[in-house]
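This report concerns only the one structure given below.
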Amino acid sequence: MSDLMEIAARLDAAMFNATATPQLGDTLSVADAYRVQEASMARRYARGERRVGIKMGFTSRAKMAQMGVDAMIWGRLTDAMLVEDGGAVRFSAYVHPRVEPEIAFLLKAPLPRTVTPAGALAAVGGVAAALEIIDSRYENFKFSLTDVIADNSSSSGFVIGPWADPAIDLSNLGMIMEIDGQPRQIGSSAAILGNPLRSLVAAARLAHDAGESLGAGDIVMAGGATAAEHLSVGNHVRLVVSRLGRVEFRVG
Ligand code: 0L1
Ligand code: MG
């Protein structure tokens, strides 16, 4: 267990100092990788950060192919990771940040462990276009499945557009992510498990199995719909999701 605590401290320090650390190298089981994640997040909570929800990862083929990982993962989101819509982030706060287009859910009721997509929808108070800023703490943004789980699934920042009424068909919404006015990723919400609601169903199960309940007020990021794009100083990133709205931020 002390080894796991040491790894958690190393990953937390890499995040805190925005300095890359070597990969762990497939030395952990999946269960131990989540224990490391929990322990490194406990260090952040002890510094005053508050958990505000969870993010799902590798819920689309595009993301699995980009990173060479083929299983769904999840990570914790804190209030310190939330970036105001239209706001700015500091490039120097990250190791090698990337951005990806997502759909976010805001819960208005608890999500039970086992729920159908329709049951999950009934617990949703809002849905929004969202951008996730991912930042692996590993050198060269390279990792195994257990490496990335231990590293809080590369969670780093997230930006959420205006919440919309969830009573729309989420299964095939067009998504265009622009950087500096140029379309860089074009996709559909269908890429997220056929419908982002399925990611919410999976989130309920995975979080519950790890002893984390999802309740009213929690945010769930459904996972990248396309491959991620590198960020550079000066970038302006904007995502438009058909029928849902837009969200944007700058890199300073
Ligand atoms: O949304 C996603 O699929 C993000 C996965 C996080 C892991 C990564 O690509 O760094
Ligand atoms: Mg993501």
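Read-outs throughout are calculated quantities, based only on the coordinates presented, and are distinct from any laboratory measurement. All values derive from a computational prediction rather than experimental measurement. All Cβ positions, even for glycine, are placed from backbone atoms using ideal geometry, and neighbour counts span all protein chains on display.
Using Cα springs under 10 Å in a Gaussian network model of the chain, which residue among ALA225, ALA118, ALA14 shows the largest mean-square fluctuation?
Largest GNM mean-square fluctuation: ALA118.
Take SER144, SER136, SER189 and order them by how many other Cβ atoms sit within 10 Å, fewest up front.
If I rank by nearby Cβ atoms, fewest first, I get SER144, SER136, SER189.
Give the order of TRP74, TRP163 when sorted by the count of other beta carbons within 10 angstrom, beginning with the fewest.
Listed from fewest to most nearby Cβ atoms, that is TRP163, TRP74.
Take every DSSP beta bridge with both residues inside segment 2-251 and express the antiparallel ones as a percent of the total, to the nearest 5.
85
In straight Cα distance, which lysines are under 19 Å from LYS63, not counting same-chain residues fewer than 8 positions off?
Once the sequence-local lysines are set aside, what remains near LYS63 is LYS55, LYS142.
What does the helix-only formula give at 222 nm for the chain: each DSSP H stretch with n ≥ 4 adding -39500 (n - 2.57), the total divided by the residues, and the result rounded to the nearest 500 deg cm²/dmol?
-8000 deg cm²/dmol
Sort MET56, MET175 by Cβ crowding within 10 Å, fewest neighbours at the top.
Ranked by crowding around the Cβ, least crowded first: MET175, MET56.
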